[in-house]
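Structure record follows, encoded as structure tokens.
The values are calculated or read from the model by the stated rules, or taken from the named source; none is laboratory data. None of the values given here were measured: they were computed from a predicted structure. Quick reminder, even Gly has a Cβ in these numbers, built from the backbone with ideal geometry, and neighbours come from all protein chains shown.
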Amino acid sequence: MSKEYAQNKIKDALKLCNGNQKLARQQIVALALEDTDLLKSLVSPHLDGIVAYQVERVASGRAEKEDQHPEIPLPKIDDEFGMKLLRAAVSDDVTVFGRDNMRAPRKRKIASKQHIEAIHKLASSRRQQDKRDK
């Protein structure tokens, strides 16, 4: 009754769930909790490994350590965090990593009249020098 019984129950569960393995697993677990014969047939091939693991766990003292240190609950995550992150990603006025203390780059100013005259003077003197060299 061991292997065949479990296989038949699994086949029945797969047919009932139209081949959906996840639903079939859930149904088999529910059946195994009520049917001890099914539970024994499912567990018997793995019983040596299960027992060996548990004996080693108790003998090494890990079982006591696990009892002394219960699992710490995870901190509550701020629900607004994701929205804040998205807003920061699409915003134009965002601090760039590594440039926290720097100002925003200045826009180019219009050149002064004096500056333009100086450029023209330099350019004209360059043209005159090129004419002399020829």
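A few remarks follow.
- Out of Leu42, Leu38, Leu47, Leu31, sole residue that is at negative phi, exposed (fewer than 11 other Cβ atoms within 10 Å of the Cβ) and more than 32 Å from the chain's Cα centre (by Cα): Leu47
- Annotation: of all residues in region 83-108 being modelled with pLDDT under 75 and small (Gly, Ala, Ser), the one that is nearest to Ala52 (Cα to Cα) is Gly98.
- Among residues of region 50-70 being in a helix (DSSP H, G or I) and at pLDDT below 75, the one that is farthest from Lys40 (Cα to Cα) is Gln68.
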